[in-house]
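Student: Can you keep this structure in mind? I'll have questions shortly.
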Amino acid sequence: MADRVTVFFYGLFMDPERLEAKGLRPANVRQAYIERFALRIGDRATLLADPDGRVYGTTATLTHAEIDRLYSGPSVAAYRPEPVLAQFSNGTAELALCFNLPTIPQEKTTNQSYASDLRAVARKLGLPESYVASIGNKE
């Protein structure tokens, strides 16, 4: 088993400073995107299947223990790992774990505070402005 695992982050965890503030040590942080998904903001971020979608974020490597600790909190405990193909601007790609809700909540409300925070993080990380502007605006 690998000592460190590549994870694709698309919510507030894509900010390595937030991970470090939780006592984690993310390594190899890179901007990335995954295709055939769309971002959905409810209470927090989750992904929906979308044949034309693209979701931007970052990849980082963490240890298994760090991943377990990160996803043990009550607000993220329902998220489950699934494999995705993270793609990079240089044309390369890497398999990564991506944590997503197994069941999409039916309510259509958007946590505007979370969406605003996510837009700020995405802008700070230099994600495409058209993507940043869309965060929290698609339902």
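The values are calculated or read from the model by the stated rules, or taken from the named source; none is laboratory data. This structure is a prediction, so every number in the text was calculated from the model and none was measured. Heads up, the Cβs are rebuilt from the backbone with ideal geometry, glycines too, and the neighbour counts pull from every protein chain shown.
Student: Can you find a residue in the range 24-37 that is hydrophobic (A, V, I, L, M, F, W, C), at pLDDT 95 or above and within 17 Å of PRO105 (Cα to Cα)? Before the answer, list the steps.
Tutor: First pass over the range 24-37, keeping only residues hydrophobic (A, V, I, L, M, F, W, C): 24, 27, 29, 32, 34, 37.
Add one more test, that the residue is at pLDDT 95 or above, and what stays is 24, 27, 29, 32, 34, 37.
With the extra rule that they be within 17 Å of PRO105 (Cα to Cα), the set shrinks to 37.
The answer is yes; a qualifying residue exists.
Student: Still on this structure, I have one more. Hey, could you check the range 90-109 for residues that are modelled with pLDDT under 95 and not acidic (Asp, Glu) and say which is surrounded by the fewest Cβ atoms within 10 Å (Cβ to Cβ)? Steps first, answer last, please.
Tutor: Let us first name the residues in the range 90-109 that are modelled with pLDDT under 95, namely 101-109.
Add one more test, that the residue is not acidic (Asp, Glu), and what stays is 101-106, 108-109.
Details: LEU101: 17, PRO102: 9, THR103: 8, ILE104: 13, PRO105: 13, GLN106: 6, LYS108: 8, THR109: 10.
Among those residues, the one meeting the criterion is GLN106.
Student: Is there a residue being at pLDDT 95 or above and part of a loop (DSSP other than H, G, I, E, B) anywhere in the range 48-58?
Tutor: no
Student: Counting just the residues of the range 19-49 that are of a type in the set (D, E, K, R) and either touching a strand residue (DSSP E or B) at 6+ places or on another chain (Cβ under 9 Å) or surrounded by 17 or more Cβ atoms within 10 Å (Cβ to Cβ) (or both), which one comes out nearest to ASP68 (Cα to Cα)? Spell out the reasoning first.
Tutor: Residues of the range 19-49 that are of a type in the set (D, E, K, R), as a first pass: 20, 22, 25, 30, 35-36, 40, 43-44.
Imposing the further condition that a residue be either touching a strand residue (DSSP E or B) at 6+ places or on another chain (Cβ under 9 Å) or surrounded by 17 or more Cβ atoms within 10 Å (Cβ to Cβ) (or both) reduces the set to 25, 30, 35-36, 40, 44.
On the way: ARG25: 13, ARG30: 21, GLU35: 26, ARG36: 26, ARG40: 24, ARG44: 19 Å.
The selected residue is ARG25.
Student: Is it the case that TYR10 is crowded, with 20+ Cβ neighbours inside 10 Å, in contact (Cβ under 8 Å) with a residue 12 or more places away in the chain and on the phi < 0 side of the Ramachandran plot? Spell out the reasoning first.
Tutor: Values: crowded, with 20+ Cβ neighbours inside 10 Å: yes; in contact (Cβ under 8 Å) with a residue 12 or more places away in the chain: yes; on the phi < 0 side of the Ramachandran plot: yes.
Spelling it out, TYR10 is indeed crowded, with 20+ Cβ neighbours inside 10 Å, in contact (Cβ under 8 Å) with a residue 12 or more places away in the chain and on the phi < 0 side of the Ramachandran plot.
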